[in-house]
Amino acid sequence: MSFNARGIWAIYCFEMARFTRTIWQSLVTPVITTSLYFVVFGSAIGSRMSDVNGVPYAAFIVPGLIMMALFTESIFNGSFGIYFPKFTGTIYELLSAPISYGEAVLAYVGAAATKSVVLGLVILGTASLFVPIHILHPVLMLGFLILISVTFSLFGFILGIWADGFEQLNVVPMLVVTPMTFLGGAFYSIDMLPAGWRTVALFNPVVYLISGFRWAFFGASDVAVILSLSTTLVFFFACLTVVAWIFKTGYRLKN
Amino acid sequence: MSAIISISNLTKIYKSGLQALKPVSLDIKKGEIFALLGPNGAGKTTMISIVCGLVTPSGGTVTVDGHDILKDYRITRSKIGLVPQELTTASFETVLATVTFSRGLFGKPANPAHIEKVLRDLSLWDKRHSKITTLSGGMKRRVLIAKALAHEPEILFLDEPTAGVDVELRRDMWAMVRTLRAQGVTIILTTHYIDEAEEMADRIGVITKGELIVVEEKTALMQKLGKKELSLQLQEPMTVVPAGLSDWNVALKSDGHELLYTFDAHTEETGIPALLKRMSELGIGFKDLKTSQSSLEDIFVSLVHSDSQPGAQP
């Protein structure tokens, strides 16, 4: 046995089982939340807004809404999947199993990312009930969706290994990722900002992620799409490097 | 019999600086029940955790069936089942789901018949659709054992299997261990209940402060280190041991009503006939007599607490 495919599949199914068991929390809650955003920002306020880059405001915020849910959910799923066994002690089984670290990451992050992608598509479906959406580059849209889901799930996985308590698990998504998402142009184009703030916004990596995703929808973006893609990949490989280091040293997993 | 686990000069120093294991060497024979005895914090769990892959060794080597635990971890780990000390179970899964998961995690193809057998053997079959949170502590312990057996391991580690377990489950567990041994499974258990080791083990290792101070066949250990005592209830109490009995290791107990003679169980000559003869010559009468053998517990306590360490490691 040089590759434990059954082990990966077992973990993947185990994680997905939690997803379906908590379907209400996992899927319905974010959908309702997003719908509320949509009602407030899309219909109530959006009707008074002018088009952004020729896109009606209600449609314009759809990619931002998806991204926002994607970030939070990926981090949550990625971190919870590994933190919970650590917290309850059931991680002993994973550590004693004939499975490599890489395989474990593949299983946990794969499951977390799968959930996020499903969630993203469900939100997209929900949004299309409110406003007609035409996706200019569907394949690239899906590519961004998957890549960002995987990257943030990986980031969540790191967070889950690092975290000592549930507070830490919440702090990063609440205090870092959510503000960055709000300031990252989920609801506006950074072109709308005054020149000074626009420069500041360009230091926010989330701007690039949202902009790239939005480009896949409408063909218009705040920053060049290649820059968006590069930023996503840099973040992805950074997370991958940290995970590799964690496993090499056994950081917070093994004594 | 050949060694299925071979531990050689294994050491572990935790980041805190605590030396949990001084160089420890030990061979576990295929098919035996080996009991690792020791007080809390002696290094029992550390040793098991290293063999199973939960803790990284600081030095030394461990091979399982000839394979290095670090280099060939896939091979060694698939041969081992571990029942941890703590009752750590994923709470919201059903019994059947969690046991099936364990088999998959260890890379084995699905085998519902085997899972059913394991669950039936552990009296868990009726509870297979129950969520683990709803089970009692004893039942959770059984679930942990079922998980460890799901992938048909050749070696089973039981870390304090009967800590906090009721008498019935304890008996069941002992019976289960014997059945597994009959199937050829090698079993290593840690315990600080001496009677458990006495009841089950073929060989016993005593570990204290990270050092394995004794490894011995159970019967040999008890014979080698066990003392026998002859207690004589005297007809007339005495204040001092008569000079005529000074050749024997005797002492007065119970305010001079009892004469206690301690002797080595494994010597050919117990000295009892000569002692009784001398007593009759001296006119010391007794009403009753009994002999008793020190338990493993006494041996253990004397081993762990003595500064000199009797019974060198083979």
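Residue B:97 fulfils the conditions (1) surrounded by fewer than 19 Cβ atoms within 10 Å (Cβ to Cβ); (2) in a helix (DSSP H, G or I); (3) more than 10 Å from chain A (Cβ to nearest Cβ) except for a single criterion, (3).
Look at (1) open to solvent by less than 60 Å² (accessible area, probe 1.4 Å); (2) away from chain B (no Cβ under 14 Å); (3) touching a residue at least 24 places away in the same chain (Cβ under 8 Å) and you find that residue A:33 fails only one, number (1). The set of residues in the range A:230-252 being over 15 Å from the mean Cα position of the chain (by Cα) and buried (at least 18 other Cβ atoms within 10 Å of the Cβ) consists of A:243, A:246.
How many residues does the range B:7-23 contain that are open to solvent by less than 40 Å² (accessible area, probe 1.4 Å) and of a type outside the set (Lys, Arg)? So the count comes out to 5.
Taking the range B:1-93 as the region of interest, the strands (runs of 3 or more DSSP E) fully inside it that hold 2 or more residues being more than 9 Å from chain A (Cβ to nearest Cβ) are B:3-13, B:19-29, B:33-37, B:59-64. Cβ-Cβ distances below 8 Å connect the following pairs, each with a first residue in the range A:1-18 that is within 9 Å of chain B (Cβ to nearest Cβ), a second residue that is open to solvent by 50 Å² or more (accessible area, probe 1.4 Å) and assigned to a loop (DSSP other than H, G, I, E, B), and a separation of six or more residues or different chains: A:6/B:108; A:6/B:109; A:18/B:92. Just so you know, in the range A:36-54 the residues that are in contact (Cβ under 8 Å) with a residue 24 or more places away in the chain and either within 13 Å of chain B (Cβ to nearest Cβ) or under 20 Å from the mean Cα position of the chain (by Cα) (or both) include one that is surrounded by the fewest Cβ atoms within 10 Å (Cβ to Cβ), and it is A:37. For residue A:107, the test of being open to solvent by less than 30 Å² (accessible area, probe 1.4 Å) and within 13 Å of chain B (Cβ to nearest Cβ) is passed.
Of everything in the range B:133-155 that is among the basic types (Lys, Arg) and more than 13 Å from chain A (Cβ to nearest Cβ), the residue that is most open to solvent (accessible area, probe 1.4 Å) is B:142. Could you tell me whether the range A:204-217 includes any residue that is part of a loop (DSSP other than H, G, I, E, B) and within 20 Å of the chain's Cα centre (by Cα)? Taking every residue of the range A:204-217 in turn, at least one turns out to be part of a loop (DSSP other than H, G, I, E, B) and within 20 Å of the chain's Cα centre (by Cα).
Applying the set (1) in a helix (DSSP H, G or I); (2) open to solvent by 10 Å² or more (accessible area, probe 1.4 Å); (3) in contact (Cβ under 8 Å) with a residue 60 or more places away in the chain to residue A:188 leaves exactly one unmet item: (1).
Quick check: is even one residue across the range B:126-135 within 30 Å of residue B:6 (Cβ to Cβ), in the same structural domain as residue B:76 (by TED's automatic domain parsing) and not in a loop (DSSP other than H, G, I, E, B)? No; the residues of the range B:126-135 include none that is within 30 Å of residue B:6 (Cβ to Cβ), in the same structural domain as residue B:76 (by TED's automatic domain parsing) and not in a loop (DSSP other than H, G, I, E, B).
Mind checking whether some residue in the range A:17-26 is over 16 Å from residue A:119 (Cα atoms) and open to solvent by 60 Å² or more (accessible area, probe 1.4 Å)? Checking the range A:17-26: not a single residue is over 16 Å from residue A:119 (Cα atoms) and open to solvent by 60 Å² or more (accessible area, probe 1.4 Å). Selection over the range B:156-184 of residues that are open to solvent by 20 Å² or more (accessible area, probe 1.4 Å) and either of a type outside the set (Lys, Arg) or closer than 19 Å to residue B:36 by Cβ (or both) gives a count of 16.
Contact map, the range A:159-182: residues that are closer than 20 Å to residue A:68 by Cα paired with residues that are outside any helix (DSSP H, G or I), Cβ distance under 6 Å, separation 6+ or inter-chain. Pairs shown: A:169/A:163; A:180/A:204.
The values are calculated or read from the model by the stated rules, or taken from the named source; none is laboratory data. From a predicted model like this one, the values you see are computed outputs, not experimental measurements. Please note: Cβ atoms are built from the backbone with ideal geometry, for glycine as well, and neighbour counts cover all protein chains shown. Areas reflect the complete protein model, heavy atoms only, side chains present, ligands, DNA and RNA absent. Shrake-Rupley method; radii C 1.70, N 1.55, O 1.52, S 1.80 Å.
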